[in-house]
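Worksheet: the structure to be examined is printed underneath.
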Amino acid sequence: MKSINAVRIGGAEILPLIEGGKGVSVSTGASAGAWAAAGGAGTISLVNADSYDEEGNIIPQIYHGRTRRERHEELIEYAVRGGIAQARIAHEMAGGKGRIHANILWEMGGAEHVIEGVLSGAKGLIHGVTCGAGMPYRLSEIAAQHGVYYYPIVSSARAFNALWKRSYSKASDMLGGVVYEDPWRAGGHNGLSNTENPLSPEEPYQRVAALRKLMRSFGLDHVPVIMAGGVWWLEEWQDWIDNPELGPVVFQFGTRPLLTQESPI
């Protein structure tokens, strides 16, 4: 097994290991803080995150609005409060080590309001925003306004090309990394195009190599590619470590953290 070296991500040198974000109160401040404290990057989910009362009890998310719009505003308020609460927990547990990221689904109703609210209310506690489940064109603009790095989730070089040309090239300094979520291996929101066969998996190496080639054409050779989907043992990815064709690579673990002591499930 090759040794892994620290990489520069989000303005700091950390281990090339990231906790994958999982919603509905699964990726919490406790799990993210533990990852960061160990020298990697932890990820809190901003999807239905729990918030707490003064005694530390979870606040039930009960809706009182009479209209759909009123209840939607309540949902956003719960999400913002929960995201801020989890960011504070993660920050305290990390003790200044590693990085704390926040994950959100771009196509989630009110996503932009939630991101804005959490980053404003947890200023300085979150170092980066990871976003997928759609084409988050405004992610770079929002992240840059709050001084945090952004990490778009893509499933192909083609998707990143569209994001870069439309908006990301205007805020390239805050691009912390590009998450390649393999559409055949990932357990999350798998992005297959109409030209790809869901029954004929392609090897991730060739697809990530194509992504890196595109990134190099944009002057992004130093920006890490984060491999997500199917990562369990690093021994299975030795050919990716210190590989000059792929450049800096970071590995994202989504499923495996569910089995840790810090996991809320």
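The values are calculated or read from the model by the stated rules, or taken from the named source; none is laboratory data. Since this is a predicted model, take the numbers as computed values, not measurements. Positions of Cβ are backbone-derived with ideal geometry, glycine not excepted, and every protein chain shown enters the neighbour counts. When the accessible area is computed, the model is the full protein with side chains, heavy atoms only, and any ligands, DNA or RNA have been set aside. Shrake-Rupley method; radii C 1.70, N 1.55, O 1.52, S 1.80 Å.
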Just one of the numbered conditions (1) in contact with a helix residue (DSSP H, G or I) (Cβ under 7 Å, 6 or more places away or on another chain); (2) closer than 18 Å to Gln252 by Cα; (3) of a type in the set (A, V, I, L, M, F, W, C) is not true of Ala133; which one?
(1)
Can you find even one residue in region 126-133 that is under 17 Å from the mean Cα position of the chain (by Cα), more than 21 Å from Ser167 (Cα to Cα) and not hydroxyl-bearing (Ser, Thr, Tyr)?
yes
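Show me the strands (runs of 3 or more DSSP E) entirely contained within region 1-115 in which 3 or more residues are in contact (Cβ under 8 Å) with a residue 40 or more places away in the chain and within 15 Å of the chain's Cα centre (by Cα).
Numbers: elements: 7-9, 12-14, 17-19, 41-45, 99-105.
In region 1-115, 17-19, 41-45, 99-105 are the strands (runs of 3 or more DSSP E) which contain 3 or more residues that are in contact (Cβ under 8 Å) with a residue 40 or more places away in the chain and within 15 Å of the chain's Cα centre (by Cα).
Among the candidates Gly188, Gly247, which residue alone is in contact with a Lys or Arg (Cβ under 9 Å, 6 or more places away or on another chain), of a type in the set (Gly, Ala, Ser) and either modelled with pLDDT of 90 or more or farther than 14 Å from Ser155 by Cβ (or both)? Lay out the reasoning, then the answer.
Values: Gly188 fails: either modelled with pLDDT of 90 or more or farther than 14 Å from Ser155 by Cβ (or both).
Selected residue: Gly247, the only one of Gly188, Gly247 that is in contact with a Lys or Arg (Cβ under 9 Å, 6 or more places away or on another chain), of a type in the set (Gly, Ala, Ser) and either modelled with pLDDT of 90 or more or farther than 14 Å from Ser155 by Cβ (or both).
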Residues satisfying the stated conditions in region 133-183, i.e. open to solvent by 40 Å² or more (accessible area, probe 1.4 Å) and touching an Asp or Glu at 6+ places or on another chain (Cβ under 7 Å):
Arg138
Test Leu105 against the criterion of being aliphatic (A, V, I, L, M), farther than 19 Å from Ala12 by Cα and open to solvent by 40 Å² or more (accessible area, probe 1.4 Å), and give yes or no.
yes
Complete set of residues in region 27-44 that are of a type in the set (A, V, I, L, M, F, W, C) and more than 18 Å from Leu105 (Cα to Cα):
Ala30, Ala34, Trp35, Ala36, Ala37, Ala38, Ala41
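Give Gly29, Gly10, Gly23, Gly83 a once-over and let me know the one that is in contact with a Phe, Trp or Tyr (Cβ under 7 Å, 6 or more places away or on another chain) and open to solvent by less than 30 Å² (accessible area, probe 1.4 Å). Talk me through it step by step, then tell me what you get.
Numbers: Gly29 fails: in contact with a Phe, Trp or Tyr (Cβ under 7 Å, 6 or more places away or on another chain); Gly23 fails: in contact with a Phe, Trp or Tyr (Cβ under 7 Å, 6 or more places away or on another chain); Gly83 fails: in contact with a Phe, Trp or Tyr (Cβ under 7 Å, 6 or more places away or on another chain).
Only one candidate passes the filter, namely Gly10.
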Scan region 130-149 and report the pairs whose first residue is closer than 12 Å to Leu119 by Cβ and whose second residue is assigned to a helix (DSSP H, G or I) and open to solvent by 10 Å² or more (accessible area, probe 1.4 Å), with Cβ atoms within less than 7 Å and a gap of 6+ or a chain change.
Ile142/Glu112; Ile142/Glu116; Ala143/Met174; Ala144/Ala171; Ala144/Met174; His146/Leu119; Val148/Leu119; Tyr149/Met174
Lys213, sole failed condition from (1) touching a residue at least 40 places away in the same chain (Cβ under 8 Å); (2) surrounded by 15 or more Cβ atoms within 10 Å (Cβ to Cβ); (3) over 30 Å from Ala49 (Cβ atoms):
(2)
Scanning region 116-132 for residues that are of a type in the set (Gly, Ala, Ser) and not in a loop (DSSP other than H, G, I, E, B), which turns out surrounded by the most Cβ atoms within 10 Å (Cβ to Cβ)?
Gly132
Give me a count of the residues in region 152-178 that are aliphatic (A, V, I, L, M) and touching a Cys at 6+ places or on another chain (Cβ under 9 Å).
1
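Is it the case that Gly187 is closer than 15 Å to Gln252 by Cβ, open to solvent by 50 Å² or more (accessible area, probe 1.4 Å) and in contact (Cβ under 8 Å) with a residue 60 or more places away in the chain? Don't jump to the end; show me each part of the working.
Values: closer than 15 Å to Gln252 by Cβ: yes; open to solvent by 50 Å² or more (accessible area, probe 1.4 Å): yes; in contact (Cβ under 8 Å) with a residue 60 or more places away in the chain: yes.
Answer is yes for this residue.
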